[in-house]
Amino acid sequence: ITLGTLYVFRGGLNWWAGSTQYFAGDRPQAFGDLGVATIAGFPLLTLLAVIVIVIVSLYQRYARSGRDLYAIGSDRAAAAVYGIPVAKRVFAAFVANGALVGLGGVLYASRFNSVGATTGAGMELDIVAACVVGGVAMTGGVGTAYGAAIGALLLTTMTSALTAVGVDKFWQKAVVGALILIAIVVDRVSSMRRHEALRKKGGDR
């Protein structure tokens, strides 16, 4: 469903915007300055990212609805039996995600001065890779916002290093894909070991 709607909306956007480019210079000066503004010597974009990560991380750890999302990711049916409003929590998570994507799009437009209908195409793999490398389980129920942020930082650093040594972009994507596979395998093996340890512990009792 996620991938299907992605292509539906992207197709609609391409039809609506076509090859038109939108430039930050066409907007108020304050909008263009947003991408290069600093507060106490720190880039505003970095500060906003840190603030969002901190807020989401605290919400995931301490808010009941935030912890409910882990339960839903681990076992949706069990969460519903436990009394968690699954549909409401999932809907709210998608709304929050959409709002943050909108914020990211605005900041991207300000930072890079121009956007078009195809801006951001192909970033899906990078985002999935950042989350998986940062400890987010593809099966759900495991992961943190700060972990995903660390994964994104690691991938960005690695990509910059590969570019610096002259590695072709195709091979950079291949490396990212390999990292996803490795992270999934490691997560799967760790999960199986945890389940086996719990089973043995339960049998001993």
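The values are calculated or read from the model by the stated rules, or taken from the named source; none is laboratory data. Worth saying up front: this structure is predicted, and the values here are computed from it rather than measured. Every residue, glycine as well, gets a Cβ built from its backbone with ideal geometry; the counts of neighbours run over all protein chains shown. Just so you know, the surface numbers come from the protein's heavy atoms only, side chains and all, with ligands and any DNA or RNA stripped out. Shrake-Rupley method; radii C 1.70, N 1.55, O 1.52, S 1.80 Å.
Helix 86-112 and the long axis of the chain differ in direction by around 30°, with both axes built from C-alpha atoms. Using the alpha-carbon positions of the chain, Rg (one decimal) and Dmax (whole number) come out as 20.1, 70 Å.
Compared with the dominant principal axis of the Cα atoms in the chain, helix 2-17 is inclined by about 10°.
Note that the chain presents 70 Å² accessible area per residue, ligands and nucleic acids not counted, probe 1.4 Å. Among the protein heavy atoms of the chain, carbon and sulfur supply 69% of the accessible surface, probe 1.4 Å, non-protein parts ignored. Using alpha carbon centroids, what distance separates the stretch 1-77 and the stretch 106-155, in Å? Comparing the Cα centres of the stretch 1-77 and the stretch 106-155, I get a distance of 9 Å. Computed from Cα atoms, the angle from the helix 169-204 axis to the main principal axis of the chain rounds to 20 degrees. 3J(HN,Hα) along the stretch 48-60, derived from phi through the Karplus expression 6.51 cos²θ - 1.76 cosθ + 1.60 where θ = phi - 60°, amounts to 5, 4, 5, 4, 4, 4, 5, 4, 5, 5, 5, 4, 4 Hz, with x in place of Gly and Pro. Note on residue 121 and residue 52: their simple-model spin labels are 2.3 nm apart, each label 7 Å out from Cα toward Cβ.
Taking every alpha-carbon pair under 8 Å whose residues sit at least 6 apart, the stretch 4-157 reaches a relative contact order of 30 percent.
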